[in-house]
Structure formats: C-alpha cells, structure tokens
Amino acid sequence: MSSCFKQPDEQLLSDLKTIVGDGGWKPGNDASRYYEDPRGRFEGSGCLVLLPENTQQVSDIVKRCNESKVGIVPYGGGTGVVAGQMSISSANAIVLSLERMNQVRELLLDDEVIVAEAGCILENIHETATNHGLMFPLSMASKGSCSIGGNLATNAGGIQVVRYGNARDLCLGIEAVLPCGTIYSDLSPLRKNNTGYDLRHLLIGSEGTLGVITAATLALKPIDAETATVYCAVSSPADAFGLYKQVRKHLGNSISALELMSQFGLELVTEHFPALTKPFAENHDWYLLLEASGPLGTGDRLEVALAECFESEILLDAVVAQSKAQQDGLWDLRENTPEANRSAGAFCNSDTSVPISKVDAFIKLTTEKVKGIHPDLRLNTYGHIGDGNIHHNVLPPAGISKADFIAENPNIVEAVRMAINETTIAFGGSISAEHGIGRLKIQDLELYGGEAKLKSLRSIKAAMDPNNIMNPGAIVA
C-alpha cells in the first residue's frame, strides 16, 4: 500500500513542525513506540510524528497536508489490533498523535455528560466521572492506555455492551477536523437532534478515514448502589446463555456484563499469571462471568436466581464475590486472557460476532473446522456472549513454539483464519465485531461486504476525502 502515501517534501515537513512548535514533533526514526503492534506481528513506519496541543493545530496540519495531498495516520493510544493506527508498508506516513490533547473540557453534572478531548485515556475518564458520583460505562482490558478518540474511531465495544451499548451509543456530540481542514464542532449534550445526516455517527467507526476526532461529549450514568459479580460453571455456551435468560427474569436490565470462558482458557491465564487462582476445585468445560449492578438488594435477587438455575441444572457451580477484592480477582481472570494468549503463542486471534441464538453451534462448528486443519491445534474461545462477540484464539500444539510451528506449516495462519471467517459468514455473522477493519481486514471486507456496501463506502470516502489523505489504506483500498 506504499502508493497510498505520497512522499512529503522538505517544505511541508518544515511547515508542519512550525505549526506544532518545539516539542510538538518527533522525527520518524526516533518514534518507535508509534510503530508497535500490540500483538508483535509487524512494525509500522513513518517520516514524522506530530503532537498537536489543540484543535486549531490539528486543523492547520490537515489543511496543509490536504494541499500537498500527503497522507496522515491518526493515532490514539496505539492499542488497535488491525493496523488502523499505523502504516505497515510505507515510511512516507505522517503520524498525527492526539496524546497531548488530553483535557476534560467540561463536566455538566445536570446533563450527566463529560466533554473530553480525544487524547484522554479511558481510565482517566472513568476516574473523573467517579469523583463526581457518576460513571462512564465503556470499559475494556486496555482502559489504562487506550484513548477515547481511538475508542470512538473504532466504535469500541468492551465488556458492558449488553447493557450500555458500544462507544457509539455513549457519544452525544463530537468535534472533528474534516479532510479539508474544516473544524466540525457539535458538542451539544442534546439527546435528540434530528437535523439531517448524522455526521457524528458517520465519523464514529470510520477509523480516521473521514476525519480526525478531536473531542466528544460522552453520556455518563449514575453509579448503582450495589454490584454483584459471580463466576459460574456451566456445561456449554448454550447453558451459559440459558443461565443469562433465567437470571434476567430477576434482574432485568441490571445485568451489565456476560463473559464466556473455557476450561482451557482458565488454565492458560492462571498458568501465565500465577498470582491468579482458579475459582473452583473441580474443572468444568465452560464458565460464565456475570455482573449485575443496581439498587440495594441486587445481590440478593441474583442469589435467588442462581438457586433456580441450580435446581434446573443449568448451573453446575458458582462463586459469588463477597468483596471488591474478590470481584477484581474474578475479572482479572478475564482481563488478563489476551496477554496469556500472546504469551502462549497464539497465531490467530479472531474478532467475530454471530446472532446470540447461534453462539453455541458456531463455537462447535468453528472448533471442528479448525481441528480439521490440524488436529492438535488448541483453541482458547471466549468473548462477550451477551452480544454474540466471540474471540477464537488459536495456539500451536503443546510443546511447539509459534515460530517453529508456522515455519513447518507456512499456510496454517491463512487456513485457520479463513475457516473462522467462512463459518462466521455461514452463521450470518460479521468478520469484525469490535476491532474494526484497519489495514489487515480490507480483503476480508471486499470478500464479504457486498457490492452495495462497498460501493457506498467508497463513494463516501471519495466525497469527503477526494485527495485520500485521511488514513489512506485503511478500511477501503
């Protein structure tokens, strides 16, 4: 994709450095952290990293690059896993990092919103909201390093989608710099604003290909009086979903998280994180981490629901957290799973979604297909079962390193990846549930997206960014 990035001349580079001033830029050869892939699969590159301090500087940068038809790669926290935040085949890219734009501009308590700049780290937004008796529900394992701009650019999901929705559902207003350099500012806290095409939703999920998100108005929620967390042992993903439906009769929309894990996944995370302990003395095939938050008495209602599930034999065993420390311990089993996968040598990490009713059959068939490619492959399957987002992480056979296994089986990565994709599509699912398309999944989108969708995506891109300067090579080729 090197042709996507035109080489900037010295005058442009000088102009861009002048815009951000001393301390506002890094030479391309002295900015390695901006080229790191979180999964260690490849390295990005670029000729200049810019660190603007305000929206006007972003506007000036974009306007100048548009005049020269030079490509920009917007950069948030660097936690994306589909290479949307880096150029992986050209050193001509100009990286535009929003990290210095990290201020909370406004907190409107009566409106229950926070206006935050794009570079704000997600966990810091959590802390600010909590300090004022409110919460921001978007949460994920990378909360300590991902930025809200990146979360919105990828329409991040996370662990509480079942109750609060994706990032898109928590954003009321947006400020962004469009490809021509114009500042689009609509940070109103309005819940209703039906005035034509919704540019906010167009920019959310666009992965920086239609503009640079610089700030957002985010919806906050009251902090519930009580939170109950339980780690459940079940026989199958189908029983996990059955348990959810049974508990929901008692707790309604108070259920905020539903995380599916397998016995193999539990063993993997406790092996690589020895400080973590297994909740049960006995092994079970599958587990469901369920959390509910609501008024006082939520925990009591949960225990009544769990008793019914025991009686109907949907639930085999359960550990209910009795303290905040125990809650954190149960969540650590799930939150440290991605790192355990990486440490164990996972060579394929899927991000697919299927209709919730088909999750059990999807997992069975996908496992069968992958094992058909190589019978000794190991699958750590987990995910957000409440919204149908299932992650298959495929590891080499026990005792064989990732590098050696791939060297001996050079076509294995693509074969496994396509087996998962094809099964996903057969079940009416999506090949990217929450991570986006970036640069790694463009061919998949072209294969499965459909003519109408692809034509529309290209038309929108061409209309808004005719010079193709906004994250060229991402989403659309």
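Read the figures in this text as sums done on the coordinates, not as results from a lab. No experiment lies behind these values; they were computed from the predicted model shown. Ideal geometry is used to build each Cβ from the backbone, glycine not excepted, and the neighbour counts take in all protein chains shown.
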Phi to ³J(HN,Hα) by Karplus 6.51 cos²θ - 1.76 cosθ + 1.60 over region 372-377, Hz, x for Gly, Pro:
x, 6, 7, x, 9, 5
With x for Gly and Pro, the residue-by-residue ³J(HN,Hα) of region 72-86, computed from phi through the Karplus equation 6.51 cos²θ - 1.76 cosθ + 1.60 at θ = phi - 60° and given in whole Hz, is 10, 10, x, 9, x, x, x, 9, x, 10, 10, 6, x, 9, 8
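Where both partners of a DSSP beta bridge lie in the chain, what percent of those bridges are antiparallel, to the nearest 5?
Working: 61 of 69 bridges.
Given both bridge residues lie in the chain, the antiparallel proportion sits at roughly 90 percent.
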Which value in nm describes the separation of the simple spin-label points at S343 and Q326, placed 7 Å from the Cα toward the beta carbon?
2.5
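Please report, in debye to the nearest 20, how large the charge dipole of region 345-435 is about its Cα centre when each Lys and Arg carries +1 at its beta carbon and each Asp and Glu carries -1 there.
On the way: 7 positive and 10 negative charges, 29 e Å.
Magnitude of the dipole: close to 140 debye.
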Please provide three numbers in whole Å: the alpha-carbon extents of region 2-100 along the principal axes, with the largest listed first.
34, 29, 20
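Quick one: net charge of L187's neighbours, Cβ under 12 Å, K/R +1, D/E -1?
Details: positive: R105, R200; negative: E106, D111, E117, E175, D186.
Residues near L187 contribute -3 overall.
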By the C-alpha gyration tensor axes a ≥ b ≥ c (rounded if a/c is under 1.5, else prolate when a/b exceeds b/c, else oblate), the shape of region 147-286 is prolate
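Let me know the shape class of region 322-377, please: from the alpha-carbon gyration tensor, a ≥ b ≥ c as square roots of the eigenvalues, rounded when a/c is under 1.5, otherwise prolate if a/b is greater than b/c, or oblate. The partial results should precede the final answer.
Details: a/c = 2.91, a/b = 1.56, b/c = 1.86.
Note, shape of region 322-377 comes out oblate.
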Computed over the Cα atoms, what is the radius of gyration of region 207-280 divided by 2.2 N^0.38 Å, N being its residue count?
1.61
What is the set of long-range amide H partners of L172 at a cut-off below 5 Å, with H atoms built 1.01 Å from backbone N?
T217, L218, A219
Taking 0.36 nm per residue of separation and subtracting the Cα-Cα distance, what length does fully extending D224 through E408 add?
60.9 nm
If amide H atoms are modeled at 1.01 Å from N in the peptide plane, then the residues at a separation of 5 or more from C348, or on another chain, having amide H under 5 Å from its own are V394
Per-residue ³J(HN,Hα) for region 330-342, Karplus 6.51 cos²θ - 1.76 cosθ + 1.60, θ = phi - 60°, Hz, x for Gly and Pro
5, 5, 4, 4, 7, 5, 8, 5, x, 5, 5, 4, 4
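How would region 336-477 be classified by its alpha-carbon gyration tensor: rounded, prolate or oblate, with rounded meaning a/c under 1.5 and the a/b versus b/c comparison settling the rest? If you can, show how the numbers build up before the last one.
Working: a/c = 2.15, a/b = 1.58, b/c = 1.36.
In terms of gyration-tensor shape, prolate.
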Using only the Cα atoms of region 104-222, what are the Rg and Dmax in Å?
13.2, 40
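Can you check what the Kirkwood hydrodynamic radius comes to for the chain, Cα pairs only, in Å to one decimal? Spell out each step's value before the answer.
Values: mean 1/r = 0.0426 Å⁻¹.
After inverting the pairwise mean of 1/r, the radius is 23.5 Å.
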The chain - charge dipole about Cα centre, Lys and Arg +1 at Cβ, Asp and Glu -1, debye rounded to 20:
1120
Take each of the peptides 279-287, 201-209, 362-370, average the number of other beta-carbon atoms within 10 Å over its residues, and list them starting from the highest.
201-209, 362-370, 279-287
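Which peptide among 301-310, 84-93 comes first, and what is the full order, when sorted by highest mean count of other Cβ atoms within 10 Å? It would help to have the intermediate numbers written out before the result.
On the way: 301-310: 17.4, 84-93: 23.0.
Taking the mean over residues of other Cβ atoms within 10 Å, the ranking is 84-93, 301-310.
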When the charge dipole of the chain is computed with +1 on Lys and Arg Cβ and -1 on Asp and Glu Cβ about the Cα centre, the Cα farthest towards its positive end, among P279, V104, V58, belongs to V58
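Using helices alone, I'd like the mean residue ellipticity at 222 nm for the chain: each DSSP H run of four-plus residues gives -39500 (n - 2.57), total over residue count, nearest 500. Show your work: numbers first, answer last.
Working: 16 runs with 167 residues, N = 477.
Here the helix-only value at 222 nm equals -10500 deg cm²/dmol.
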For A463 and D30 in one chain, what is 0.36 nm times their gap in residues minus the Cα-Cα distance, to one decimal in nm?
152.4 nm
Computed lengthening from R105 to K63, 0.36 nm per intervening residue step minus Cα-Cα distance
12.7 nm
Between region 281-315 and region 134-166, the Cα center-to-center distance that results, in Å:
25
Enumerate the amide H contacts of L190 below 5 Å, restricted to partners 5 or more residues apart or on another chain; note that Pro and chain-start residues carry no placed amide H.
none
